[in-house]
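Scroll down for the structure; my scribbles are underneath it.
The values are calculated or read from the model by the stated rules, or taken from the named source; none is laboratory data. Just so we're clear, the structure is a prediction, and the values are computed from it rather than from any experiment. Note that each Cβ is placed from the backbone with ideal geometry, even for glycine, and that neighbours are counted across all protein chains shown.
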Amino acid sequence: MHVRRLADTYLNFGRDVRLFLAYTLCANIGFGVFMLIFNLYVYALDFREDAIGLFSSVQTFTMAGTALILGTLINRLGLWLVVVIGILLYGLSSIGLALSTVSAPLLLFSGTSGMGLAIIFTATMPFIIEYGRHADRTTIATVAFSLAALSMTLGSLIGGFAPILFATVLPGVEAGSPAAYRSALIAGSVLGLASIVPLLRMGDARRSHRACKVSASRAAPDPDHDAKQARTDVGVFVTVGLIIAVGMGLVAPFYNLYLQSLGASPREIGLIYAAGGISAAVIGLAAPWVSRRYGSLNAVVMIRSMSLPLYLLLVFVPWIGLAVMAHIVRQVSINMAWPVDSTFISELVPGKLRASVFGWRSAAWNLGVGLSSIVGGWLIVTSGYEITFVSFVLFTAAAIALYYLYYLRHPRVAAGQIPSALSSRARARRAIRDTGDAVGTVDGALPGTKGAARHDDPAAASGGDPDVITKKS
């Protein structure tokens with residue numbers, strides 16, 4: 001029964017959504033291979049950290065630029081076609097990177113791969129909003145992000161073994177050579193390109209030509225809204241993402257080096273990162289429950305705050321066990337918070353802004369991480385890791401405070417018009433109040449309840465004493 005209940009909860013999303021999850025699985029396995037192997041490949045080509053950083057920056061900034069215009073692309077071309085273009089662009093660019101050996105094509109394909117990645121990472125929520133049932137959005141988003149984390153971890157594990165495998169089975173290919181890494185990159189790119197198969201098997205999503213053509217069964221009509229208020233809502237949401245990204249960029253790009261400084265070997269670091277990805281994928285599935293129980297606003301505060309005490313403690317106790325725990329908790333918090341706040345903003349902003357808001361946040365995220373990582377590297381060299389940990393805590397806390405204080409006082413949230421923002425108790429109280437307003441009450445009790453029955457029954461009202469009833473009659 002429990003297995004069937006889980007299957008009903010997580011798999012009854014509709015055919016196109018299930019196919020999108022299959023696409024997410026394949027695409028992120030390919031990206032996981034690329035993420036692990038590419039730097040090793042260009043290092044084997046005798047490029048060093050400065051050139052590798054340049055390739056990474058080009059990819060990051062093209063991701064940001066593409067994300068900025070993603071909403072316009074979706075409105076013009078349709079969501080399905082944009083996703084197909086994204087996976088083709090990324091997969092073919094990855095093959096181009098694997099076949100390149102000099103700077104110019106490496107820079108070019110780094111840029112085009114960033115454009116494809118922007119679409120892959122940013123189109124998830126617009127697709128879920130358009131083709132997922134309203135009540136299932138948080139759950140679908142949670143499954144999608146957990147699946148992405150798990151498949152990237154799987155891709156990293158595949159990438160770790162692939163060069164050795166190809167060096168063993170391919171004649172003339174030596175372990176650690178550019179040819180071994182090139183073979184692994186091409187294999188990962190083919191895995192990523194295989195994700196186009198579930199896209200081609202879609203029904204409604206493939207036939208649709210405009211993101212705005214959403215059936216009434218999937219999306220409720222937008223309520224009347226204040227355009228100025230909507231722009232402010234989006235601006236705050238994007239700003240929160242930017243502030244979090246600045247803090248993240250000070251820590252995440254260098255955390256493997258921090259673990260190494262504490263004595264972890266490359267193999268152990270790989271296992272730590274795998275543990276973080278798997279934990280994020282599994283524990284992240286609890287995000288819908290946390291959101292329903294506490295409301296999305298409270299849930300985001302709780303989830304994003306989880307790792308902050310650990311990073312503060314690392315400033316005073318730089319211990320490998322604590323560092324591992326901090327990394328895993330941070331990965332879990334990212335994976336849990338993203339679908340919760342994404343679903344919340346999709347309920348709050350009007351439909352015409354939904355396709356754009358996630359692109360703008362993705363752009364802000366990439367810009368924030370890209371720029372702050374430059375500052376973070378300089379701070380670590382000059383002052384050590386402690387200042388970046390403190391800065392990470394301060395930036396994240398500031399983002400949490402802005403998010404909570406602004407949206408808590410939002411007119412629609414205060415009026416209870418955004419159900420996901422309410423805790424389960426608040427929703428229950430609101431449902432009782434609304435029912436009472438609609439059908440009336442019997443001395444404060446709803447008709448048909450025990451309280452109302454007691455008022456209707458004279459015996460119950462008098463405590464069940466027949467003499468009292470007789471006297472009253």
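Figures for the structure shown
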| item | result |
| --- | --- |
| Segment 176-204, subset touching a Phe, Trp or Tyr at 6+ places or on another chain (Cβ under 9 Å) and outside any helix (DSSP H, G or I), residue surrounded by the fewest Cβ atoms within 10 Å (Cβ to Cβ) | MET202 |
| Among the residues listed as LEU353, LEU348, the single one being more than 17 Å from the chain's Cα centre (by Cα), in contact (Cβ under 8 Å) with a residue 60 or more places away in the chain and buried (at least 24 other Cβ atoms within 10 Å of the Cβ) | LEU348 |
| Residue check, ARG18 modelled with pLDDT of 85 or more, of a type in the set (Lys, Arg) and assigned to a helix (DSSP H, G or I) | yes |
| Condition broken by SER383, with the remaining ones in (1) modelled with pLDDT of 85 or more; (2) farther than 30 Å from ARG231 by Cβ; (3) surrounded by 13 or more Cβ atoms within 10 Å (Cβ to Cβ) satisfied | (3) |
| One residue from THR72, THR139, THR112, THR101 being β-branched (Val, Ile, Thr) and closer than 30 Å to SER291 by Cα | THR139 |
| Verdict on PRO309 being surrounded by fewer than 23 Cβ atoms within 10 Å (Cβ to Cβ), in a loop (DSSP other than H, G, I, E, B) and at pLDDT 85 or above | no |
| Which numbered condition PHE61 misses (of (1) under 30 Å from GLY284 (Cα atoms); (2) in contact with a Lys or Arg (Cβ under 9 Å, 6 or more places away or on another chain)) | (2) |
| Hits in segment 256-275 (condition: within 20 Å of the chain's Cα centre (by Cα) and within 21 Å of THR60 (Cβ to Cβ)) | TYR273 |
